[in-house]
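The structure appears right after this line, and notes come after that.
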């Protein structure tokens, strides 16, 4: 008997300030319904600003601004940069389900 392994989804993103300093993060979502990587990426890409950026707090993701530096409106902004998604067998780290995350992302979809 062959058992299929449920592949979780690793969402990688970063914050890049105006001085090009970067702070990276990844969140792993449980994928109990085996939503395909292609379907997930389509939902994400359809909701990105200029095919690259999103506001992490609107997607219920950790804000990756540099906490050790005071906010500088000359170089700081709210946008985070989508890097990639991939399948993984690593344990989920996200508090929300992949379905909930995709629903949140869909709500920010651009016209």
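Here, each number is a calculation from the coordinates, and none is a lab measurement. Note that the coordinates shown come from a computational prediction; the quantities given were computed from them, not determined experimentally. Cβ placement follows ideal geometry from the backbone for every residue including glycine, while neighbour counts extend to all protein chains displayed.
Of all residues in region 59-67, one or more are without any contact (Cβ under 8 Å) to a residue 60 or more places away in the chain, in a helix (DSSP H, G or I), surrounded by 15 or more Cβ atoms within 10 Å (Cβ to Cβ) and in contact with a helix residue (DSSP H, G or I) (Cβ under 9 Å, 6 or more places away or on another chain). Residues in region 69-83: is at least one under 20 Å from residue 32 (Cβ atoms), in contact (Cβ under 8 Å) with a residue 40 or more places away in the chain and surrounded by 14 or more Cβ atoms within 10 Å (Cβ to Cβ)? No, region 69-83 contains no residue that is under 20 Å from residue 32 (Cβ atoms), in contact (Cβ under 8 Å) with a residue 40 or more places away in the chain and surrounded by 14 or more Cβ atoms within 10 Å (Cβ to Cβ). Here residue 91 clears all of (1) touching a helix residue (DSSP H, G or I) at 6+ places or on another chain (Cβ under 7 Å); (2) loosely packed, with under 12 Cβ neighbours inside 10 Å except the condition numbered (1). Please determine, by comparing only the residues of region 9-35 that are part of a loop (DSSP other than H, G, I, E, B) and touching a helix residue (DSSP H, G or I) at 6+ places or on another chain (Cβ under 9 Å), which one is surrounded by the fewest Cβ atoms within 10 Å (Cβ to Cβ). The residue in question is 33.
For region 36-48, a tally of residues being more than 26 Å from residue 5 (Cα to Cα), out of contact with any helix residue (DSSP H, G or I) (no Cβ under 7 Å at 6 or more places or on another chain) and surrounded by 14 or more Cβ atoms within 10 Å (Cβ to Cβ) returns 1.
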